[in-house]
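Colleague: A single structure is presented below for examination.
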2 protein chains.
Amino acid sequence: MRDFSGDHRWLSLNTATVRKQGDLADIIDACARHGIRAIDPWRDQVAAIGLDRAVWVLRDAGLELSGYCRGGMFTSDIARRQEARDDNRRAVDEAKALGAPCILLVVGGLPQYSRPGSAASKNIAQARTQVEDAIAEMMGYAKQANMPLAIEPLHPAYAADRACVNTTKQALDICDRLDPKRTGALGVALDVYHIWWDPELLPQIARAGKDRLLAFHVCDWLVPTTDILNDRGMMGDGVIDIRSVRGAVEAQGFAGYSEIEIFSNGWWEKPMDEVLRTCIERHRSVV
Amino acid sequence: MRDFSGDHRWLSLNTATVRKQGDLADIIDACARHGIRAIDPWRDQVAAIGLDRAVWVLRDAGLELSGYCRGGMFTSDIARRQEARDDNRRAVDEAKALGAPCILLVVGGLPQYSRPGSAASKNIAQARTQVEDAIAEMMGYAKQANMPLAIEPLHPAYAADRACVNTTKQALDICDRLDPKRTGALGVALDVYHIWWDPELLPQIARAGKDRLLAFHVCDWLVPTTDILNDRGMMGDGVIDIRSVRGAVEAQGFAGYSEIEIFSNGWWEKPMDEVLRTCIERHRSVV
């Protein structure tokens, strides 16, 4: 297991962590200032400053990407199917332009939440079938761009509205069906927030192996959690044994960035430099 | 599958649903008024009016029990182990006095939340081992009283603070290890709120079979959920396909009560009669 205590060489910042403190150019500037070498930007943040400018600012700052957030939201009624398909193809094009190593997929929950306006459904099994079909289709486009897709299992608390893929096993089952030869085109993005509770986590990480482990995210689970989406914790402030999960991932050969992604009303209120300083400190002491 | 549309013969009320509107005697009185035949009372509600009086009021109203809430909170540090053991034995004695068909087990999460004052831990695997050991021990006492124990898997959102048994599979694995002969001493209580998201739900219900299905609870998952504990929905107000889960349970031969358990700041503010009328209406139209 890598020793993170001496530097933050392997820290990547998911830019949602400071999305209220500045635009993507501000965030990149702050990362350069704090010696952070990689980010994972969100599409809306890229769009806000323009894709061309984002590419230019990233290169100028010498930053790498640890991923691109996000594709997915595959579930919809038939009327919105083409919209979802086109939207995801644009995500691939953007990821390619930005030099991202993979696209994170938040697959969508029930169609009325994933693509608002879609006819309401309570059929989660059907949503899951639709997700798998849509990933298969997106893979065709993404392969041409040589852009790996990373399915992110989301905590079961988000099953209705954000992602109906809720366990590592479920994500890996999809990978095995759609990419049985482990070509590198499909894998998983594991965020400790979503998976820490899973009694099958360690065997599933071993099953994933290095070639399916495309991204590793950290934050913490607070007790109590006061907001189901936006009360995630800074590493060390909650109950997750982060280091043991990282150890399991690295035991499979994962050697990429440890990406910090914190959706938090509390941290969004603090100055960007304070957040980044804390991220660096906790990366070294807790992650 | 039973037809609930014509009456509410198989409705049981978990008394937490109206716990802020009156004491247990008031609730039993209201149930009798609305033709509700069964309840599942909580220990604190029984204690508040006294066990003897609770027994007497129940008999007087002619109500059955569909369960007794609750045993568990097994996880603690060593200093509190005896306290947890004694507490659970008292739960068995009370359940016996009340004529409950089983005790619901909410097993506890990390020890500092399950038994406050316990030394803090982030080791959920260790908590799970402790839970299994404690259930094995409690079974010895419960068997003498001929009192079945029903492990309730809780939604992964409660893994830290309320229960580290979070899937039906995990609960059934414990049952198979501790009661391999399916003697009836150990089974599961399935609440749609906790399990609806699980991609393995249907095969696990089939695996459980009639002799492991000791209780069936309903409410609904709201989107958005504004409070992780106390914003559960009235059946029909959320996204759970309740009838399909009930169908799966009844396909295994489950023929007991459909118990309504709603922790909701919103419903706790409404008059008891209005809540019960709505429960009955939704039991007939949605469950």
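The values are calculated or read from the model by the stated rules, or taken from the named source; none is laboratory data. In this text the structure is predicted, and so the values were computed from the model without any measurement. All Cβ positions, even for glycine, are placed from backbone atoms using ideal geometry, and neighbour counts span all protein chains on display.
Colleague: Quick one: A:D77 ticks every box in (1) surrounded by fewer than 17 Cβ atoms within 10 Å (Cβ to Cβ); (2) at pLDDT 95 or above except a single one, so which number is it?
Modeller: (2)
Colleague: Out of all the residues in region A:209-228, which are modelled with pLDDT of 95 or more, in contact with a helix residue (DSSP H, G or I) (Cβ under 8 Å, 6 or more places away or on another chain) and under 25 Å from A:P41 (Cβ atoms)? So that I can check it myself, show each step before the final result.
Modeller: So the first thing to find is which residues in region A:209-228 are modelled with pLDDT of 95 or more, and the list is A:209-227.
After this cut, where a residue has to be in contact with a helix residue (DSSP H, G or I) (Cβ under 8 Å, 6 or more places away or on another chain) as well, the list is A:212-213, A:216-221, A:223, A:225, A:227.
Residues satisfying the conditions are A:R212, A:L213, A:F216, A:H217, A:V218, A:C219, A:D220, A:W221, A:D227.
Colleague: Within 14 Å of another protein chain (Cβ to nearest Cβ) and in contact with a Cys (Cβ under 6 Å, 6 or more places away or on another chain): does that describe B:R232? Explain how you work it out, then say what you get.
Modeller: Details: within 14 Å of another protein chain (Cβ to nearest Cβ): yes; in contact with a Cys (Cβ under 6 Å, 6 or more places away or on another chain): yes.
Spelling it out, B:R232 is indeed within 14 Å of another protein chain (Cβ to nearest Cβ) and in contact with a Cys (Cβ under 6 Å, 6 or more places away or on another chain).
Colleague: Got a sec? Which of B:T129, B:T167 is under 20 Å from A:D241 (Cβ atoms), among the hydroxyl-bearing types (S, T, Y) and surrounded by fewer than 17 Cβ atoms within 10 Å (Cβ to Cβ)? Outline the logic, then answer.
Modeller: Details: B:T167 fails: surrounded by fewer than 17 Cβ atoms within 10 Å (Cβ to Cβ).
It is B:T129.
Colleague: For residues that are in a loop (DSSP other than H, G, I, E, B) and on the phi > 0 side of the Ramachandran plot, tally how many sit in region A:69-101.
Modeller: Applying the first criterion (in a loop (DSSP other than H, G, I, E, B)) to region A:69-101 yields A:73-77, A:99-101.
Those still in the list that are on the phi > 0 side of the Ramachandran plot too: A:73, A:99.
Residues flagged as in a loop (DSSP other than H, G, I, E, B) and on the phi > 0 side of the Ramachandran plot within region A:69-101 amount to 2.
Colleague: Pairs under 9 Å by beta carbon, first residue farther than 25 Å from A:H155 by Cα in region A:260-287, partner of a type in the set (S, T, Y), six or more apart or different chains?
Modeller: A:K270/A:T278; A:L276/A:T17; A:R284/A:S5; A:S285/A:S5
Colleague: Of everything in region B:216-247 that's out of contact with any Leu (no Cβ under 8 Å at 6 or more places or on another chain) and assigned to a strand (DSSP E or B), which residue is surrounded by the fewest Cβ atoms within 10 Å (Cβ to Cβ)?
Modeller: Ranking the qualifying residues of region B:216-247, first place goes to B:D220.
Colleague: Can you tell me which residue in region A:119-145 is nearest to the other protein chains (Cβ to nearest Cβ), limited to those that are assigned to a loop (DSSP other than H, G, I, E, B) and more than 21 Å from the chain's Cα centre (by Cα)? Show your work before the answer.
Modeller: Restricting attention to region A:119-145, the residues satisfying the condition of being assigned to a loop (DSSP other than H, G, I, E, B) are A:119-123, A:145.
Adding the requirement that they be more than 21 Å from the chain's Cα centre (by Cα) leaves A:119-123.
On the way: A:A119: 14, A:A120: 9, A:S121: 9, A:K122: 4, A:N123: 7 Å.
Top of the filtered list is A:K122.
Colleague: Would you be able to tell me the number of residues in region B:228-275 that are within 22 Å of A:A125 (Cα to Cα) and of a type in the set (S, T, Y)?
Modeller: 1
Colleague: Any idea which residue in region A:212-228 is nearest to the other protein chains (Cβ to nearest Cβ), counting only those that are within 17 Å of the chain's Cα centre (by Cα) and without any contact (Cβ under 8 Å) to a residue 60 or more places away in the chain?
Modeller: Only one residue fits best here, namely A:W221.
Colleague: Please enumerate the residues belonging to region A:164-173 that are within 10 Å of chain B (Cβ to nearest Cβ) and either not hydrophobic (A, V, I, L, M, F, W, C) or not in a loop (DSSP other than H, G, I, E, B) (or both).
Modeller: Just the residues of region A:164-173 that are within 10 Å of chain B (Cβ to nearest Cβ), to begin with: A:164-167, A:169-170, A:173.
Matches in region A:164-173: A:N166, A:T167, A:K169, A:Q170, A:D173.
Colleague: Continuing with the same structure: So, in region A:150-163, of the ones that are part of a helix (DSSP H, G or I) and in contact (Cβ under 8 Å) with a residue 40 or more places away in the chain, which residue ends up nearest to A:C102 (Cα to Cα)?
Modeller: Residues of region A:150-163 that are part of a helix (DSSP H, G or I), as a first pass: A:156-158.
This time we only want the ones that are in contact (Cβ under 8 Å) with a residue 40 or more places away in the chain, so: A:157-158.
Details: A:A157: 25, A:Y158: 22 Å.
Filtering first and then ranking leaves A:Y158.
Colleague: Quick one: count up the residues across region B:80-112 that are buried (at least 20 other Cβ atoms within 10 Å of the Cβ), more than 20 Å from B:N146 (Cβ to Cβ) and of a type outside the set (V, I, T).
Modeller: Looking only at that region, the number is 6.
Colleague: Right, here's the next one. Let me spell it out: the conditions are (1) more than 20 Å from A:A157 (Cα to Cα); (2) within 14 Å of another protein chain (Cβ to nearest Cβ); (3) touching a residue at least 24 places away in the same chain (Cβ under 8 Å), and B:L202 meets all of them except one. Which number is the exception?
Modeller: Among (1) more than 20 Å from A:A157 (Cα to Cα); (2) within 14 Å of another protein chain (Cβ to nearest Cβ); (3) touching a residue at least 24 places away in the same chain (Cβ under 8 Å), B:L202 violates only (1).
Colleague: Condition (residue is more than 30 Å from B:S118 (Cβ to Cβ), at pLDDT 95 or above, in a loop (DSSP other than H, G, I, E, B) and touching a helix residue (DSSP H, G or I) at 6+ places or on another chain (Cβ under 9 Å)) applied to region B:59-66: is it met by at least one residue? Talk me through it step by step, then tell me what you get.
Modeller: Initial filter on region B:59-66 (more than 30 Å from B:S118 (Cβ to Cβ)): B:59-66.
From the residues that got through so far, the ones that are at pLDDT 95 or above too are B:59-66.
Then drop every residue that is not in a loop (DSSP other than H, G, I, E, B), which leaves B:62-63, B:66.
Keeping just the survivors that are touching a helix residue (DSSP H, G or I) at 6+ places or on another chain (Cβ under 9 Å) gives B:62-63.
Looking for residues that are more than 30 Å from B:S118 (Cβ to Cβ), at pLDDT 95 or above, in a loop (DSSP other than H, G, I, E, B) and touching a helix residue (DSSP H, G or I) at 6+ places or on another chain (Cβ under 9 Å), one finds at least one in region B:59-66, hence yes.
Colleague: Continuing with the same structure: Within the bounds of region A:174-196, is there any residue that is without any contact (Cβ under 8 Å) to a residue 40 or more places away in the chain, buried (at least 23 other Cβ atoms within 10 Å of the Cβ) and within 11 Å of chain B (Cβ to nearest Cβ)?
Modeller: Within region A:174-196, not a single residue is without any contact (Cβ under 8 Å) to a residue 40 or more places away in the chain, buried (at least 23 other Cβ atoms within 10 Å of the Cβ) and within 11 Å of chain B (Cβ to nearest Cβ).
Colleague: Quick one: would you say A:D29 is of a type in the set (D, E), under 17 Å from A:I262 (Cβ atoms) and at pLDDT 95 or above?
Modeller: Details: of a type in the set (D, E): yes; under 17 Å from A:I262 (Cβ atoms): no; at pLDDT 95 or above: yes.
So A:D29 fails the test.
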